[in-house]
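Below is one structure, written out as structure tokens, with a few remarks after it.
The values are calculated or read from the model by the stated rules, or taken from the named source; none is laboratory data. In this text the structure is predicted, and so the values were computed from the model without any measurement. So basically every Cβ, Gly included, is an ideal-geometry build from the backbone, and we count neighbours across all protein chains shown.
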Amino acid sequence: MAGDGIQRRHFLHGAATAGVIGLTSTTTGAQETTTDGDGGDGQQLSLRVGTSAGGTRDVGLAVERAVSQHSDALDYSTIESPGYIGTIFRMAQGQFNAGITDNNSLTKAMDDRGRFSEQSVDQVPYYGFYAFPYSIYVVARDGTDIETFDDLAGANVYPAEPGYSTRATTLDVWSQEPTADVFEQMNLQNMGVDSAPGAMEEGRIDAAIAYGTPGVRYTGWVREFASRVDVHYVEPTDALIESAESYDGAGTSRTAYDDWSMDQDIGTDEVFTWDLQVNYTFNPAASEDAVYELCRVVDEHNETVNEAEEQFNDFESVSEMHASAIERLPVHPGAAQYYKDNDAWNDDLQVGE
């Protein structure tokens, strides 16, 4: 089933084409005919971008600000959406023609895993460009004698609040071979993130994930427990590294701890992370010109986005814009054309139709 997931989707093929285009013209407004604007042939380009709450919304609003300042051709609007998975569902329903979501949710949608095993979608959005990572690793309370990943067997482990994408990605990595044996012995804690710092302080949580965007900041509840509890780095085993590197819904990285400190010594100079890679994605029927123009703004005015929200990636080259692309997910033709025009295309990727 997993192997043919991409083939089973309707990426603007056959009968699905008419339905998607119809939704686009009436609901998502991919490209509206007007008497002004710079979209070419009297067309004003438009993207309605589904964006979940928190840091993701902040990133989306920063991109919207850059578009408003640096494009006369593109009308960009941020639309509230219930999380990354909800964004995929709503894009498939034609509620908007662009959205911010993550590679793990996208691969699950292609394979009918997780939430998509209960309700599949007829189309998975095309890849556009990399927005930001949530990089994840594990820390343990001082005094727990937890030193390596193997020591988490039998411990009370908090992998974030149920429903969080960082939790889902973490459990997906841990639950496969060769780390499944350790994972199955963990006592997973299921409380909300507002309760977790207190539970760590009281000794009810032995270890927890720490995550955020390297070089920028940790997420709020992680900053809170780091300010209240002394913690130390849980060293990854070879098995954990293998699991993380083999899971196609996540990336991996190594980051100098000095560049991303919790304001306490956790006993390491470098952290190994598995990364929730968050991307801009587009409905297959979204205007190629609109997607191309958004890529241009994000590339040429990257500093404008970063001034408003530093969590957004700071690209040093155009090729870094598709650093999170995966081979099995097509790239929207508007984005692909921008990469090709800037000599930054990767021939291992495929262009959507």
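Of all residues in region 254-272 being of a type outside the set (A, V, I, L, M, F, W, C) and surrounded by 16 or more Cβ atoms within 10 Å (Cβ to Cβ), which is farthest from S175 (Cα to Cα)? First the steps, then the outcome.
Applying the first criterion (of a type outside the set (A, V, I, L, M, F, W, C)) to region 254-272 yields 254-255, 257-259, 261, 263-265, 267-270.
Among the residues that remain, those that are also surrounded by 16 or more Cβ atoms within 10 Å (Cβ to Cβ) are: 255, 257.
Values: T255: 24, Y257: 26 Å.
So the residue we want is Y257.
Considering only region 162-197, how many residues are in contact with a Phe, Trp or Tyr (Cβ under 8 Å, 6 or more places away or on another chain) and in contact (Cβ under 8 Å) with a residue 40 or more places away in the chain?
10
Among the numbered criteria (1) assigned to a loop (DSSP other than H, G, I, E, B); (2) surrounded by fewer than 20 Cβ atoms within 10 Å (Cβ to Cβ), which one does R223 miss?
(1)
Out of the strands (runs of 3 or more DSSP E) lying entirely within region 86-205, which hold 3 or more residues that are under 22 Å from I326 (Cβ atoms)? Please lay out each step first, then the result.
On the way: elements: 98-102, 126-141, 156-158.
Ranges flagged: 98-102, 126-141.
Take V124 and tell me if it is β-branched (V, I, T), under 15 Å from the mean Cα position of the chain (by Cα) and modelled with pLDDT of 95 or more.
Values: β-branched (V, I, T): yes; under 15 Å from the mean Cα position of the chain (by Cα): yes; modelled with pLDDT of 95 or more: yes.
It is true that V124 is β-branched (V, I, T), under 15 Å from the mean Cα position of the chain (by Cα) and modelled with pLDDT of 95 or more.
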